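These notes concern the structure reproduced below.
The values are calculated or read from the model by the stated rules, or taken from the named source; none is laboratory data. Computed from a predicted model, the values in this text were never measured in an experiment. Note that we place each Cβ from the backbone using ideal geometry, even for glycine, and neighbour counts take in every protein chain shown.
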């Protein structure tokens, strides 16, 4: 599916070359252009190099987002572990303070008994009995306090262990925070690189022409690939008979239609190969199959984000892009109007919306006449 992925990436660039995009950065200064050339200049020399560079940036961004999500969950867990460690340590320290006070009180009591004048015992007619009693009491007190002292020492050991656990949890949380910072910085750099490359296409004729040549090469590769595919031999009502009868894949108005777009600065004419339905605010709206077919592709495509391609047989395909919450898998046969995904903003430069195409034997056709008016 590599050629298909490349040509699908081309459609967004075609629209970008002709119409621009909301997130494009202003003109790049000389330093920014030089820095961009130093990092991507070599890649752009190869055929399809520009598309491949943008494809890598999109995939990296997706991986970074997933990593940030994972680290966010890990940070939440690390915070819980640290909180629990702090609570256990505080409780142990409180118990230790209580034991320390008890031991001090016991030691003071023992000292008071031990310091009673020996002469009192000697002069008393019951001196011997009292002496024996005193020794027995002291031995009992000391025996009990030895147990208390052992418990006290064990509590000290526990406190030291809990302190180590707390410190380890704090260190891990610091490490996760550092990783999060680095990943967010890397993600921002990737996003800036992508916007800078697209801005360079807009303002630099050399980059613009490179993009156009890449799109032509991608189209030829896709046509050659489709010619080698084994046709899906369906035997039911054919897609070709549905002109004017289909319902749109999403309940939203069309923003950019099918057809030629002239670049306002360079005057080049490119073809917008599908329909861009206007952004849908709020939660993802249902994206539905326009006609029954077999799921031929599910995955991330450059410029299209999460994408589903349905094979309707006899060379007909429909393409749904910028999705989230994809609900089908490759090989599924789905009826018309089945919810295959939700609208999203994956791989999109225009926020949440749906991009849709119809292709016959790999060649794009205008989808507008196929929808019921």
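Numbers below:
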item	result
Unmet requirement for residue 289, which otherwise passes all of (1) surrounded by fewer than 19 Cβ atoms within 10 Å (Cβ to Cβ); (2) at pLDDT 90 or above	(1)
Filter result (closer than 17 Å to residue 362 by Cα, at pLDDT 85 or above and part of a loop (DSSP other than H, G, I, E, B)) within segment 239-282	258, 274
Spans of strands (runs of 3 or more DSSP E) in segment 302-373 with at least 2 residues at pLDDT 90 or above	305-313, 316-324, 339-343, 354-360
Lone qualifier among 136, 106 - being modelled with pLDDT under 80, exposed (fewer than 11 other Cβ atoms within 10 Å of the Cβ) and part of a helix (DSSP H, G or I)	136
Selected residue [under 29 Å from the mean Cα position of the chain (by Cα) and either surrounded by fewer than 18 Cβ atoms within 10 Å (Cβ to Cβ) or over 16 Å from residue 340 (Cβ atoms) (or both)] from 275, 271, 310	275
Pair list, Cβ under 6 Å, 6 or more apart: segment 233-258 residue within 15 Å of residue 335 (Cβ to Cβ), other residue in a helix (DSSP H, G or I) and modelled with pLDDT of 90 or more	246/370
